[in-house]
1. Looking at A:LEU263, A:LEU267, A:LEU219, which is the one that is part of a helix (DSSP H, G or I), over 26 Å from B:LEU198 (Cα atoms) and aliphatic (A, V, I, L, M)?
2. Checking B:GLY241 against (1) small (Gly, Ala, Ser); (2) at positive phi; (3) out of contact with any Gly (no Cβ under 9 Å at 6 or more places or on another chain): exactly one of these is not met. Which one?
3. One residue is enough: does the range B:174-184 have a residue meeting the conditions closer than 24 Å to B:LEU240 by Cβ, buried (at least 21 other Cβ atoms within 10 Å of the Cβ) and out of contact with any Leu (no Cβ under 8 Å at 6 or more places or on another chain)?
4. Restricted to the range A:117-126, and to residues that are in a loop (DSSP other than H, G, I, E, B) and either surrounded by 24 or more Cβ atoms within 10 Å (Cβ to Cβ) or at positive phi (or both), which residue is nearest to the other protein chains (Cβ to nearest Cβ)?
5. Determine whether B:VAL142 is in contact with a Lys or Arg (Cβ under 6 Å, 6 or more places away or on another chain) and either surrounded by 23 or more Cβ atoms within 10 Å (Cβ to Cβ) or among the basic types (Lys, Arg) (or both).
6. Step by step: first the residues of the range A:204-229, then only those that are within 13 Å of chain B (Cβ to nearest Cβ) and of a type in the set (Val, Ile, Thr), then the one that is farthest from A:ARG188 (Cα to Cα). Which residue is that?
7. What residue, of B:GLU248, B:GLU194, is touching a Leu at 6+ places or on another chain (Cβ under 8 Å), within 14 Å of chain A (Cβ to nearest Cβ) and among the acidic types (Asp, Glu)?
8. Please enumerate the residues belonging to the range A:58-84 that are assigned to a loop (DSSP other than H, G, I, E, B) and of a type in the set (A, V, I, L, M).
Number of protein chains: 2
Amino acid sequence: MSEPAHQRAHPRTPGTLFLVPTPLDFGLRGSAPAPESRATQWLPHDTLSVAAGLSHWISENAKSTRAFLKRVAAEIPLAKPLQEQHIAELPRLAHKKGDHASAAGLDVQARALLAPALEGHDMGLVSEAGMPAVADPGSSVVRAAHTLGVPVRPLVGPVSLMLALAASGLNGQQFAFAGYVPQDSDERARRLRELESLSMKTGQTQILIETPYRNATLLQALLQHLQPQTRLAVCLGLGLGQQVTRSETVRQWRARSEPLSGLPLDLPAIFLFGSS
Amino acid sequence: MSEPAHQRAHPRTPGTLFLVPTPLDFGLRGSAPAPESRATQWLPHDTLSVAAGLSHWISENAKSTRAFLKRVAAEIPLAKPLQEQHIAELPRLAHKKGDHASAAGLDVQARALLAPALEGHDMGLVSEAGMPAVADPGSSVVRAAHTLGVPVRPLVGPVSLMLALAASGLNGQQFAFAGYVPQDSDERARRLRELESLSMKTGQTQILIETPYRNATLLQALLQHLQPQTRLAVCLGLGLGQQVTRSETVRQWRARSEPLSGLPLDLPAIFLFGSS
């Protein structure tokens, strides 16, 4: 029996790929986080401590990874100074939102990114905000790690989808994250009705996201197309000072004279609905 | 226009319902956490700090909530001593696994539990392990809070389903949590094939849980009934010392001489599969 090629080429014990969550106020509207915002607000000590010990990173954006490391350094000294940190960016193609299929074609590039792990270095995978490889394109790197025999270890931190699910009061025992819905209004209406009928049949909560400038459009479409007895929740600015969660039946939403008023719809939003 | 009854009866500003995550090693096999295990391993400072300030709780089990508060107190002094903490238990019925519909019938009891919030006290909702109202029955309390006008605020902490999803390398841009599958082997086979065909059609990752003593049975059923090209991942003992994640195609799993050997299948497990 011959060994897989990567084992022949890299005889030493591989490092671990740590999945390192980042604060949710990260890169928000391109602005820096509030000066009083500390990484300890979002991340347990163990996550900060592992992050401070790493010096090889894979990220969507090297600039925001350096900003993240500065916030880590404010709590725990980094093992290597910022200018000695190696930060490799995920290939651009993998950034396309909701497009997991094309990301699968990137497995070859993902393997190349893991070369330091095969040489024995521990590495960190980070996303722009929250948990890497959840609602973002990082999973090709994680798949490549499994293929190459690089151990994968997820670290605890914020997952906005689950904060929203818990806060919604909707069914947390059956749920689905559907990502983005179509922008064409007819297709969107069809998709929302399809998801709602799934939910009525199975009790499954449906979770959606949208880019902030389309939040109001999506919320209006949800109010227009869902059944009156369906519960609709929107979580805005999760974990930020202005955080708001509203969870009511569509009937109750519609009974408001101005259903959208009072909601900070310019903030990152998560939309949830279901039959409960 | 008349005000809702609860506003007449409780004229003061309600407290906030905080959703307080707990460590994942909690209540594991009925044993106490390892002595070296600290709450800061799992929870950010802000979560610990809010928890330490509360004295009204809603939980599945008062005993484990007191154990949690002892771990919080080891990091940050509690605003009120343990013996002055008010801990109300969720009605037993709501504990039935995966049964969200019957939990909906408990909305009346859930409202009663929120009486302290209506009197102005901040409250904490905790689950046995991880994020309350995700994969556990706490959502009836959250729904009741929204109905009563009690603000809901989720706090950051571990969500085992998302740690597993990230670690699996499966599609994190479309996924569903299906809870438990049927115990009858024919029904289970049918359900697994149904979930797999959904996944092949949509790219959606399927996430399942099982009680530890049935982990091996479920894993065998997955290996038997899924297609060879489907990727199957199992995460065991998430966040614990012994943590293991294995993610391979079913073909690769089957090619092992003893596919289940070397896996600590007595630990809490999360199973994931999908077409990527």
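The values are calculated or read from the model by the stated rules, or taken from the named source; none is laboratory data. Given the structure is predicted, the values throughout are model-derived calculations rather than measurements. Don't worry about glycine lacking a Cβ; one is built from the backbone with ideal geometry, like all the others, and counts go over all protein chains shown.
1. Checking each option against the conditions leaves just A:LEU219.
2. Condition (2) is where B:GLY241 drops out.
3. no
4. Taking the candidates together, the pick is A:VAL126.
5. Answer is no for this residue.
6. A:THR205
7. Numbers: B:GLU194 fails: touching a Leu at 6+ places or on another chain (Cβ under 8 Å).
Of the residues listed, the single one that is touching a Leu at 6+ places or on another chain (Cβ under 8 Å), within 14 Å of chain A (Cβ to nearest Cβ) and among the acidic types (Asp, Glu) is B:GLU248.
8. Step one: filter the range A:58-84 for residues assigned to a loop (DSSP other than H, G, I, E, B), giving A:60-61, A:74-81.
Result: A:ALA74, A:ILE76, A:LEU78, A:ALA79.
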